[in-house]
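Inspection log for the structure reproduced underneath, given as structure tokens.
The values are calculated or read from the model by the stated rules, or taken from the named source; none is laboratory data. For clarity, every value in this text was computed on a predicted model and none was experimentally measured. Here the Cβ is made from the backbone with ideal geometry for all residues, glycine too, and neighbour counts use every protein chain on show.
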Amino acid sequence: MTKEDEDAIRQIELRFNEAWGRHDPDGMVESLADDAQFVTVNGAWTRTRADFRDLMRRLHGASGPFRSSTRETPEMQVRFLAPDVAMMHTRFHIDGDIDESERTSIGLRVVRKLDGRSVAVHNIDVRPGRTH
């Protein structure tokens, strides 16, 4: 578990943000394992990479709420659980959501070193005044 390993995990999040900004569902799923489960900030729970891609196509499409949004991650904390498994907590911001002009959220991503893919991702919105 080296600094290079930690940097590689951080790059997964940064590439996801870049794909989000391009509204590119294929790019967003690049880091997910085929059987990855993903829970969105709104509670949508996908159980495969293909299901998440379909959801992102709908949400980022011409009439989707994220069609003109951007995403950035100013905070990332990586913790290795084993030599080949890590988790990363993130704080990220989405601006330009049609339903909510801006949101701050916290995410958890579990990554395996074998193929550098996430096996689980869970995100939750931070609600003002509800941080206790």
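When each of ARG57, ARG91 is tested for being of a type in the set (Lys, Arg) and touching a helix residue (DSSP H, G or I) at 6+ places or on another chain (Cβ under 6 Å), the lone residue that passes is ARG57.
Counting only residues that are of a type in the set (Phe, Trp, Tyr) and without any contact (Cβ under 8 Å) to a residue 40 or more places away in the chain, which one in region 45-80 is surrounded by the fewest Cβ atoms within 10 Å (Cβ to Cβ)? Spell out how you get there, then give the answer.
Going residue by residue through region 45-80, those that are of a type in the set (Phe, Trp, Tyr) are 45, 52, 66, 80.
Subsequent filtering for residues that are without any contact (Cβ under 8 Å) to a residue 40 or more places away in the chain retains 45, 52.
On the way: TRP45: 12, PHE52: 22.
Filtering region 45-80 for residues that are of a type in the set (Phe, Trp, Tyr) and without any contact (Cβ under 8 Å) to a residue 40 or more places away in the chain, the one surrounded by the fewest Cβ atoms within 10 Å (Cβ to Cβ) comes out as TRP45.
Using the structure shown, decide if LEU14 is at pLDDT 95 or above, out of contact with any Gly (no Cβ under 9 Å at 6 or more places or on another chain) and loosely packed, with under 15 Cβ neighbours inside 10 Å. Yes, satisfied. Residue-level check: of (1) over 13 Å from the mean Cα position of the chain (by Cα); (2) modelled with pLDDT of 95 or more; (3) not aromatic (Phe, Trp, Tyr), ARG53 misses just (1).
Against the criterion of being crowded, with 18+ Cβ neighbours inside 10 Å and within 30 Å of ASP5 (Cα to Cα), HIS23 qualifies. Pairing residues of region 10-21 that are within 10 Å of PHE92 (Cβ to Cβ) with residues that are part of a helix (DSSP H, G or I), at Cβ distances under 7 Å and at least 6 apart in sequence or on separate chains, gives PHE16/MET28; TRP20/MET28. The set of residues from region 37-51 being among the polar types (S, T, N, Q) and within 17 Å of PHE66 (Cα to Cα) comprises THR40, ASN42. Among all residues of region 67-85, there is at least one that is in contact with a Phe, Trp or Tyr (Cβ under 8 Å, 6 or more places away or on another chain), farther than 16 Å from VAL126 by Cβ and modelled with pLDDT of 95 or more.
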